[in-house]
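**Q** What follows is a single structure, and I will ask about it in a moment.
Derivation of every value follows stated rules applied to the coordinates shown; laboratory data play no part. Fair warning: this is a prediction, and the values are worked out from it, not measured in the lab. As a convention, Cβ positions derive from the backbone with ideal geometry for all residues, glycine included, and neighbour counts pool all protein chains shown.
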Amino acid sequence: MTQPSRPPRPRVLSGIQPTADSFHLGNYLGAVRQWVAMQDTHDAFYCVVDLHAITVPYDPALLRRRTRIAAAQLFAAGLDPERCTVFVQSHVAEHTELAWVLGCLTGFGEASRMIQFKDKSAKGGAEQASVGLFTYPVLQAADILLYQANQVPVGEDQRQHLELTRDLAQRFNHRFGQVFTVPGPYILADVAKINDLQDPAAKMSKSSSSPQGIVDVLDESGVIRKKIARAVTDAGTDIRADEAAKPGVTNLLRIYSALAGVSVAELEASHGNVGYGTFKRELAELVVDTFAPVRERTEKMLADETELDRLLAQGASRASRVARETMALVRDRIGLLLPLPAG
Ligand code: AQP
């Protein structure tokens with residue numbers, strides 16, 4: 001008897017930069033945890049976006065090391081190479097080729113409006129910012145459109161870049177005929193922006209948070225406990241969400257809620273009067289219980305680089321099959337003369 005055929009799963013693509021020695025709690029809750037869940041419901045492609053990481057000053061040996069650390073953490077967090085495709089962006093050359101094509105469809109003014117470029121270039125002085133940092137969102141659009149992704153699970157900071165991706169897909173399709181799927185964002189409101197523990201008005205960020213403001217996935221358990229114990233809280237003693245009056249406590253409530261799988265309202269009811277100390281101690285144990293196994297598995301994976309590189313080569317080969325197909329169509333549609341096979 002033949003099995004009833006199942007409709008194809010929607011495609012998902014997302015990426016993460018190898019810009020630090022560890023992912024942080026914001027990356028984990030805002031992105032990676034969704035990636036793990038979506039590998040069972042979607043045809044999922046996830047990449048370590050090393051070409052994005054070179055848009056700011058960096059050290060080559062460290063980049064190579066961090067690319068492996070990032071990949072190891074993804075597998076350790078639960079991505080299964082049999083259930084999804086994990087690869088390194090630079091292993092699939094079509095990303096940069098499509099980025100050039102899309103760059104030629106992007107207005108200079110349009111690219112100039114990207115907030116992340118304004119923020120990041122302001123840090124080092126706008127004159128020093130690279131053209132690569134300026135065109136970063138175009139490369140990101142290429143990452144997504146190459147795979148015909150329907151959805152892109154990301155944190156709130158990426159919403160504007162996704163809007164640009166959608167605009168570019170529609171512009172291309174309008175001008176050259178239907179080629180690209182127009183992707184939608186997949187942003188979970190409660191974890192879309194995890195904030196810095198020391199500066200609860202700012203996003204927890206690899207490059208701009210102080211070490212005390214950021215909880216790393218690979219932090220030792222003792223370090224995690226200390227950082228959470230020292231997290232900035234607010235006046236008063238009650239545990240309740242209030243973005244304006246109590247941004248520190250609100251941030252901790254969101255993290256607790258996401259890790260424990262209970263709503264913020266339930267937490268306010270059960271923990272409203274326990275005091276900041278008790279609340280933070282409980283939260284620290286939740287984070288430790290989540291991250292300690294990921295840290296152990298990451299260390300194991302990093303101890304066998306040959307196997308890690310093999311998994312990434314397998315991912316790149318699967319990703320390349322899809323990317324080549326899209327790029328062949330793009331080259332044809334935009335009017336490039338296709339070369340005859342050599343010989
Ligand atoms: N604080 C955050 N809360 C929720 N989601 C977050 N993400 C990042 N920070 C938070 C999401 O994590 C994914 C991967 O991020 P990225 O490596 O591409 O870089 P980013 O968004 O620029 O994050 P960082 O930490 O600020 O990195 P740097 O400092 O290197 O630029 C994305 O889906 C992002 O939304």
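**Q** Cross-link candidates for LYS123: which lysines have Cα within less than 17 Å, leaving aside residues fewer than 8 places away along the same chain?
**A** Within the straight-line limit of under 17 Å, LYS123 reaches these lysines: LYS203, LYS206.
**Q** Between ALA93 and HIS174, how many nm apart are label points set 7 Å from Cα along the C-beta direction?
**A** Calculated label separation equals 3.3 nm.
**Q** Counting only Cα, what are the radius of gyration and maximum Cα-Cα distance Dmax of the chain, in Å?
**A** Cα only, the chain: 21.3, 78 Å (Rg, Dmax).
**Q** Still on this structure, please answer the following. Which residues does a label at GLU163 reach in region 101-117, if reach means a backbone N under 11 Å from a point 7 Å past the Cα toward the Cβ?
**A** 113-115
**Q** Hey, can you rank 245-257, 104-116 by average C-beta count inside 10 Å, highest first?
**A** 245-257, 104-116
**Q** Sticking with this one: Using only Cα atoms, find the angle between the long axis of helix 276-302 and the longest principal axis of the chain, and express it within 0 to 90 degrees, rounded to the nearest 10.
**A** The helix 276-302 is inclined about 40 degrees to the chain.
**Q** Once label points are set 7 Å from the Cα along Cα→Cβ at both LYS226 and GLU296, what is their separation, rounded to one decimal in nm?
**A** Simple spin-label model gives 2.3 nm for this pair.
**Q** Can you say what percent of the DSSP beta bridges in the chain, counting only those with both residues inside, are antiparallel? Round to 5.
**A** 20 percent
**Q** With a sphere of radius 12 Å drawn around the Cβ of ILE224, what net charge do the other residues whose Cβ falls strictly inside it have (Lys, Arg +1; Asp, Glu -1)?
**A** Once positives and negatives cancel, what remains is +2.
**Q** Moving on to the next point. Using the basic label-point model (7 angstrom from Cα toward the beta carbon), what is the ASP238 to SER320 distance in nanometres?
**A** Modelled inter-label distance: 6.1 nm.
**Q** Quick check: Cα centre of region 101-153 to Cα centre of region 245-283, how many Å?
**A** 36 Å
**Q** What ³J(HN,Hα) values, in whole Hz, does the Karplus curve 6.51 cos²θ - 1.76 cosθ + 1.60 give for region 321-332 when θ = phi - 60°, with x put for Gly and Pro?
**A** 4, 6, 4, 4, 4, 5, 5, 4, 5, 4, 4, 5
**Q** While we're on this one: Mind ranking 264-276, 150-162 by how tightly packed they are, going by the mean number of other C-beta atoms within 10 angstrom, highest first? Write out the running numbers ahead of the final one.
**A** Numbers: 264-276: 14.2, 150-162: 19.8.
Averaged packing, sorted descending, gives the order 150-162, 264-276.
**Q** Distance between Cα centroids, region 184-217 to region 34-66: provide it in whole Å.
**A** If you average the Cα positions of each part, the centres end up 18 Å apart.
**Q** If you count, for each residue, the other Cβ atoms within 10 Å and average over each peptide, how do 67-76, 305-314 line up from highest to lowest?
**A** 67-76, 305-314
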